[in-house]
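Asks: Provided herewith is a single structure, encoded as structure tokens, for subsequent inquiry.
Each value in this text was obtained by applying a stated rule to the coordinates, not by laboratory testing. Since we're looking at a predicted model, the values are computed, not measured. With ideal geometry, Cβ positions are generated from the backbone for all residues, glycine too; neighbour counts draw on all protein chains shown.
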DNA sequence: TATGAATGAGGGTTCATTCAT
DNA sequence: CATGAATGAACCCTCATTCAT
């Protein structure tokens with residue numbers, strides 16, 4: 001709205017976008033640090049330094065350290081919920097093996113956010129967010145199973161969702177560039193497929 | 001490979017039994033606290049209070065907070081190594097499904113120590129111990145697979161050990177008194193069995 | 001002695017009326033906040049928000065937070081000096097009781113500004129302004145006493161001014177809407193009258 | 001109780017007394033600082049430095065900065081309550097002028113603690129303690145008046161207690177070594193006497 | 001000139017670790 | 001040796017003040 005509309009490429013855009021870029025930078029830096037050292041071991045000053053943001057500014061965007069972690073967690077939860085929702089849309093009549101592969105694929109798409117989320121989910125200080133996230137994911141997985149495996153006894157749906165959740169957590173933890181990556185992902189695919197096929 | 005399981009049995013037994021009892025009390029208290037609140041949230045003073053040990057004395061037995069966690073981790077690693085070694089002894093010719101059950105059983109036996117270990121493994125501050133523990137467990141699992149599933153291509157042994165490790169981690173995380181316990185354990189048994197049978 | 005009461009009236013009036021309104025709004029907002037929460041607990045941003053002024057603009061009018069408090073203090077001092085000067089004009093031959101009532105009345109007229117001033121005077125950070133204000137008020141009160149109570153030994157003038165100052169401070173602190181207001185003000189009137197009559 | 005009872009003059013005494021001395025040193029240092037700069041402007045580190053105590057140790061004795069101020073306030077409140085209680089014991093039939101002098105004397109005895117207390121009472125952050133202290137003092141003063149001035153209409157007791165409280169606050173604020181001290185105290189005596197005599 | 005995002009020093013508080021007793 | 005008071009670095013967070021727009 002100010003006069004700078006003539007310089008498109010210079011600095012993204014004048015007002016709101018700056019804030020967005022900042023927030024993104026902060027979250028990215030925080031994600032890397034949390035992943036590397038765990039929630040408690042990371043200091044706000046560190047996050048600031050890593051994202052070229054003064055502590056004070058950090059607190060303009062996030063009211064507390066916990067809020068930073070929550071944002072990360074939520075962003076992951078949202079991505080996952082979307083992925084599962086999309087999968088549920090086409091799950092009806094899917095063969096178990098195909099369902100397994102699809103699940104693994106959903107996970108792989110979110111891998112970046114996922115590994116951070118996992119690091120955070122284990123920080124005991126974040127119980128609240130953690131419980132919430134877990135519950136949401138279990139519900140999503142459960143309803144997916146109801147659609148995809150209608151023959152499965154209802155009583156097994158919850159335990160299976162739990163087991164799958166843990167399994168998929170493993171998929172998310174596969175380190176993206178390592179030598180092990182491909183064979184390990186194959187292995188997980190086999191595992192999930194075998195599990196679902198046997199159900 | 002199980003050689004690391006003992007320095008206690010070597011020659012330290014007769015005298016200093018006091019010290020041993022103290023160490024045990026400290027570790028037990030620390031385990032309960034770490035499990036409940038996570039590594040970072042537990043203070044040395046707390047551990048002292050919970051084990052009726054003055055902080056100063058705590059530092060006589062463990063040079064640092066990290067050392068307490070390490071001891072816990074190692075004790076768990078030892079138990080696991082022992083369990084896997086015993087299993088390997090009788091693994092030759094075991095049916096895959098039976099092998100799966102046996103693995104789950106080994107895990108269940110260690111569940112108490114295991115859940116603490118898991119809580120600690122996720123405290124990123126303990127990278128060193130964590131890596132070591134992981135490596136040892138993978139090696140043990142790998143050699144168990146070599147014995148139990150001789151038909152498995154050698155190349156799949158490592159990924160499978162990795163996947164199994166993660167799976168068994170899930171078994172260890174099943175909360176011991178919860179309503180979900182029995183069905184969830186059953187589910188894990190099914191899962192492991194299906195996986196090994198398919199291999 | 002009342003000379004310090006104006007730099008506003010000198011030559012700044014016609015233009016910049018905007019600025020004057022702003023300054024007034026700022027001072028009013030600041031007064032309310034200081035009164036409510038004390039000097040230290042009020043932030044410049046708050047003052048800005050309460051007076052619809054951007055922080056940056058705040059600093060155009062007042063070079064620091066302390067300057068805002070100083071302005072408030074000075075404005076009160078000016079009002080008091082004026083009131084005392086007026087009283088001194090008609091103090092000659094006034095009966096002690098009447099003088100006491102008049103003093104209380106002067107205070108009551110200034111009550112709004114006064115209570116803020118008192119809140120600020122107690123913020124020890126403002127020593128300088130505080131001392132200045134005090135000295136000016138004592139001088140004014142002293143000269144009023146010289147006119148109104150010529151029989152009073154000169155040596156008692158200073159202590160009496162001090163005591164009166166404190167007394168009048170009490171009057172200023174009577175909370176304006178409380179149930180206690182009327183009886184308490186009566187009580188103060190009695191007190192001042194009794195004191196001056198006995199002198 | 002330990003073995004050091006043979007060295008009487010060296011360091012007060014070994015165990016509990018050390019703590020007492022520390023607490024006293026802390027309170028004294030805090031009092032001086034609060035008096036000088038006001039509650040908000042004093043930092044815990046400063047209090048530590050002034051009492052040769054590390055911040056950490058400070059927090060062993062007082063759980064928060066507020067607790068330090070509270071202790072100071074309470075100690076003063078206790079002294080005052082004692083003084084007023086003693087005075088009430090012999091107040092029956094006391095002449096108003098004598099009562100006034102006695103009140104001023106009670107104040108003077110507590111002057112050291114008093115001036116700090118006054119500095120703190122004005123710190124808005126300490127509302128809770130402040131209200132409590134005020135209420136207690138008013139109640140004490142009121143019951144003293146009931147005993148000492150039975151002729152006073154009950155309705156005037158509360159306002160008079162309020163006015164007296166403020167007056168006595170003035171007495172407490174007389175700076176202990178200043179040139180003004182003696183004449184000002186005389187003046188306050190006159191003032192209180194005149195007030196009570198007129199009642 | 002007005003704006004408010006950005007800055008970073010500094011405040012209260014905690015806790016791993018040390019050391020005098 | 002055991003003890004637990006003492007230490008002080010470091011953490012999260014706030015806010016007076018500045019300055020690019």
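Asks: Taking every Cα atom in the protein assembly as shown, find the radius of gyration and the maximum pairwise distance Dmax, and write them in Å.
Replies: 38.6, 123
Asks: Which value results for Rg/Rh of the stretch D:13-63 when Rg is the Cα radius of gyration and Rh the Kirkwood radius based on the inverse mean 1/r?
Replies: 0.99
Asks: Can you list the copy-to-copy distances for residue A:63, using a point 7 angstrom from Cα toward Cβ, in nanometres, shortest first?
Replies: For residue A:63, the other copies' label points sit at 2.5, 3.7, 4.5 nm, shortest first.
Asks: Given a 10 angstrom Cα cut-off, can you work out which residue in B:143, B:75, B:57 is the most mobile in a GNM of chain B?
Replies: Result: B:57 has the largest fluctuation of those listed.
Asks: Please build a GNM for chain C, connecting alpha carbons under 10 Å apart, and tell me which residue among C:146, C:97, C:128 fluctuates the most.
Replies: C:128
Asks: Which residue fluctuates the most in chain D, going by a Gaussian network model with Cα springs under 10 Å, if the choices are D:139, D:71, D:182?
Replies: The residue that fluctuates most here is D:182.
Asks: Starting from the 7 Å offset along Cα-to-Cβ, what nm value, one decimal, do you get for the label separation of residue A:81 and residue D:178?
Replies: Roughly 6.6 nm, to one decimal.
Asks: Taking 7 Å along the Cα-to-C-beta vector as the label spot, tell me the residue B:24-residue C:60 distance in nanometres, rounded to one decimal.
Replies: Modelled inter-label distance: 7.7 nm.
Asks: What residue in chain C has the Cβ closest to the axis turning C into B, and how close is it in whole Å?
Replies: Residue plus distance in Å, as requested: C:41, 16.
Asks: I would also like to ask the following. How compact is the stretch B:49-157 by the rule of thumb for globular proteins, expressed as Cα Rg over 2.2 N^0.38 Å?
Replies: 1.30
Asks: Find the relative contact order for chain A and round it to a whole percent, using C-alpha pairs within less than 8 Å whose residues are 6+ positions apart.
Replies: About 24 percent, as a whole number.
Asks: Along Cα-to-Cβ, 7 Å out, sits the label point; list in nm, shortest first, how far the one on residue C:90 is from those in the other copies.
Replies: Sorted ascending, the copy-to-copy spacings read 4.9, 9.4, 11.2 nm.
Asks: Going by how many other Cβ atoms sit within 10 Å of their own, how do A:35, A:164 line up, fewest first?
Replies: Ascending number of Cβ neighbours within 10 Å: A:35, A:164.
Asks: Okay, moving on. What's the Kirkwood radius of chain A in Å, using all Cα pairs? Each step should come with its number before you reach the end.
Replies: Details: mean 1/r = 0.0536 Å⁻¹.
18.7 Å is the Kirkwood radius here.
Asks: Follow-up. Please say if the stretch A:95-199 is rounded, prolate or oblate, where rounded means a/c under 1.5 for a ≥ b ≥ c the square roots of the C-alpha gyration tensor eigenvalues, and otherwise the choice is prolate for a/b larger than b/c and oblate otherwise? Could you put the intermediate results ahead of the total?
Replies: Details: a/c = 2.40, a/b = 1.12, b/c = 2.14.
Note, shape of the stretch A:95-199 comes out oblate.
Asks: Quick one: helix A:154-173 against the long Cα principal axis of chain A, what's the angle to the nearest 10°, folded into 0 to 90?
Replies: Helix A:154-173 and the main axis of chain A meet at about 50 degrees.
Asks: Here's a follow-up. Just rank A:104, A:116, fewest to most, by other beta-carbon atoms within 10 angstrom.
Replies: Exposure proxy ranking, most exposed first: A:104, A:116.
Asks: Can you list, shortest first in nanometers, how far residue D:131 lies from the same residue in the other copies, with each label 7 Å from Cα toward Cβ?
Replies: Ordered by distance, the counterparts are at 3.3, 3.7, 5.8 nm.
Asks: Let me ask you something else. Order by neighbour count: C:105, B:70, fewest other Cβ atoms within 10 Å first, most last.
Replies: Fewest-to-most ranking of C:105, B:70: C:105, B:70.
Asks: Based on DSSP H runs of at least 4 residues, each adding -39500 (n - 2.57), what is the mean residue ellipticity at 222 nm of chain B after dividing by all its residues, to the nearest 500 deg cm²/dmol?
Replies: After summing the helix terms and dividing by residue count, I get -24500 deg cm²/dmol.
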